[in-house]
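Structure first, commentary second.
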């Protein structure tokens, strides 16, 4: 079996690629990073994290309302969390653009301590287009960063979006990290 030859990275002299050290200068012949065992294990671990839902529960996303249709004021079970969208109100973002604010309550039914912002997410569609998030300075959005122990509820949280018209809103509520389907909530544009 013939060894492949390579040049030493330190002194430049020829050496066998399978040699652990250079016979001329004694420099170590390191394997490329992608051939090292720890790197391969790390890549496999990252792939598993991406593929396997990291929701700590059974992966279910269901609505607790009749016929699976979510409604304002009715609790929605999202994986290990309970979300109740209380109302949708008209607001303005920091730049004066028209926006809507979703006011909701959230309960942590999971084992770990977690913040609402890192547990559930909202996407809002209007006229078939996804709305951009809005920055509102006078709401309780900072509370969504506060961590809550299991079985603790946080009320009056909010999430805001810039609107494009006064047509119906389609609000999708789902887990932040999940491959499950979000729950859809259709609401008329708020009057105000």
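The values are calculated or read from the model by the stated rules, or taken from the named source; none is laboratory data. All values reported here derive from a predicted model rather than from experimental measurement. Please note: Cβ atoms are built from the backbone with ideal geometry, for glycine as well, and neighbour counts cover all protein chains shown.
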Q | Residue count, the stretch 81-132 (criterion: without any contact (Cβ under 8 Å) to a residue 12 or more places away in the chain and under 18 Å from the mean Cα position of the chain (by Cα)) | A | 1
Q.
Whether any residue in the stretch 129-140 is at pLDDT 90 or above and either not assigned by TED's automatic domain parsing to the domain that holds residue 169 or not in a strand (DSSP E or B) (or both) is what I want to check.
A. yes
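Go through 161, 189 for me and flag whichever is in a loop (DSSP other than H, G, I, E, B), in contact with a strand residue (DSSP E or B) (Cβ under 9 Å, 6 or more places away or on another chain) and modelled with pLDDT of 90 or more.
Within the list 161, 189, the selection yields 189.
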**Q.** Condition check for residue 56: closer than 30 Å to residue 180 by Cβ, assigned by TED's automatic domain parsing to the domain that holds residue 171 and at pLDDT below 90
**A.** no
Q. Does residue 181 fit the bill of being assigned to a strand (DSSP E or B) and either in contact with a helix residue (DSSP H, G or I) (Cβ under 8 Å, 6 or more places away or on another chain) or under 20 Å from residue 79 (Cα atoms) (or both)?
A. no
